[in-house]
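Just below is one structure, and these are the notes that go with it.
The values are calculated or read from the model by the stated rules, or taken from the named source; none is laboratory data. Being a predicted model, the structure only gives us computed values, none of them experimental. In this analysis, Cβ positions are derived from the backbone assuming ideal geometry, glycine residues included, and neighbour counts consider all displayed protein chains. SASA here: full protein model, heavy atoms, side chains in, ligands and nucleic acids out. Shrake-Rupley method; radii C 1.70, N 1.55, O 1.52, S 1.80 Å.
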Amino acid sequence: MTTLLWGVLPYVTFALLVAGLIWRHRYDRFGWTTRSSQVYESKLLNIASPAFHYGILFVLVGHLIGLFVPQSWTDALGVGEHTYHLFSLYGGTAAGILTVAGIVLLIYRRRTNAPVFRATTVNDQLMYVVLLAAIAMGMVAKLAHSSGDGYDYRQSIAPWARSLFTLQPDLDRMAGVPVLYQIHAVIGMALIALVPYTRLVHMFSAPVQYLFRPYVVYRSRDPRQLGPRPEKRGWERTGS
């Protein structure tokens with residue numbers, strides 16, 4: 001089971017991610033969008049969407065720092081383990097609460113607005129469940145091991161995550177990881193595998209062409225032409 005979860009599942013997740021992105025880009029380019037429902041309702045969306053996007057961005061940055069920035073680097077910067085733990089605890093919890101609040105508002109909006117609910121697919125429902133479970137389980141794991149300096153995942157989960165890129169996963173690092181963190185990691189991998197097959201695929205989009213597009217020129221009409229336009233030849237009324 002240890003080999004399956006921490007030595008095989010990560011590569012299956014990566015394969016599903018890459019294969020899904022290639023398939024989606026090749027066969028579903030017009031579906032590579034957020035499928036925005038703003039046209040149906042915008043008041044609540046203008047609150048829920050920024051909350052979710054800012055929250056998930058902070059969560060993502062926190063995970064990248066925690067998993068891929070070695071502890072020796074933060075020690076060299078003078079950031080001790082206790083300081084790092086407090087920043088991770090309070091900053092991560094705040095980001096998680098903001099993200100969960102955004103997700104809950106988005107789900108409430110979809111469930112209570114009939115046109116938005118009709119535009120909700122099974123993929124959307126599955127995505128919301130897995131995303132909410134991943135964020136909530138991460139917060140539960142963090143808060144359950146918050147006493148003292150907390151659980152030092154930078155000595156276990158982080159080295160394991162980095163070892164995956166060398167194709168030599170360090171399975172021993174995950175042996176003593178608390179169960180809550182293990183569940184959070186498994187749900188996180190499931191979420192990564194789902195990304196290409198849901199509206200979350202838009203996170204891999206970047207408006208690069210926008211930077212190089214020509215200017216859009218707007219010209220005002222001559223004030224003398226603001227009145228009724230004269231009829232042109234070829235457009236005479238029939239029967240006259």
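In whole angstrom, note down how far apart the Cα centers of region 55-100 and region 107-149 are.
Spelled out, the Cα-based centre of one part sits 21 Å from the other.
For the chain, with every protein chain kept in place, what is the accessible area per residue (1.4 Å probe, Å²)?
Each residue of the chain exposes 67 Å² on average to a 1.4 Å probe.
What net charge is computed for the residues neighbouring Leu44, neighbours being all others with C-beta under 13 Å from the C-beta of Leu44, Lys and Arg scored +1, Asp and Glu -1?
+3
Of all accessible surface on the chain at a 1.4 Å probe, what whole percent is carbon and sulfur?
Answer for the chain: carbon and sulfur cover 67 percent of the accessible area.
When the Kirkwood hydrodynamic radius is evaluated over all pairs of different C-alpha atoms of region 54-192, what value in angstrom, to one decimal, is obtained?
Hydrodynamic radius (Kirkwood, Cα pairs) of region 54-192 is 16.4 Å.
In terms of the Cα gyration tensor, with a ≥ b ≥ c the square roots of its eigenvalues, is region 1-41 rounded because a/c is under 1.5, prolate because a/b exceeds b/c, or oblate?
Judged from the Cα gyration tensor, region 1-41 comes out oblate (a/c at least 1.5, b/c at or above a/b).
Run the dipole for the chain about the Cα centre, Lys and Arg Cβ at +1, Asp and Glu Cβ at -1, nothing else charged, and hand back the magnitude in debye, nearest 20.
The dipole of the chain has a size of about 1700 debye.
Using DSSP to define loop residues, name the trypsin sites (Lys or Arg not before Pro) in region 1-39 whose beta-carbon has at most 14 other beta-carbon atoms within 10 Å.
In loop regions of region 1-39 (DSSP not H, G, I, E or B), the sparsely surrounded trypsin sites (Lys or Arg not before Pro) are Arg35.
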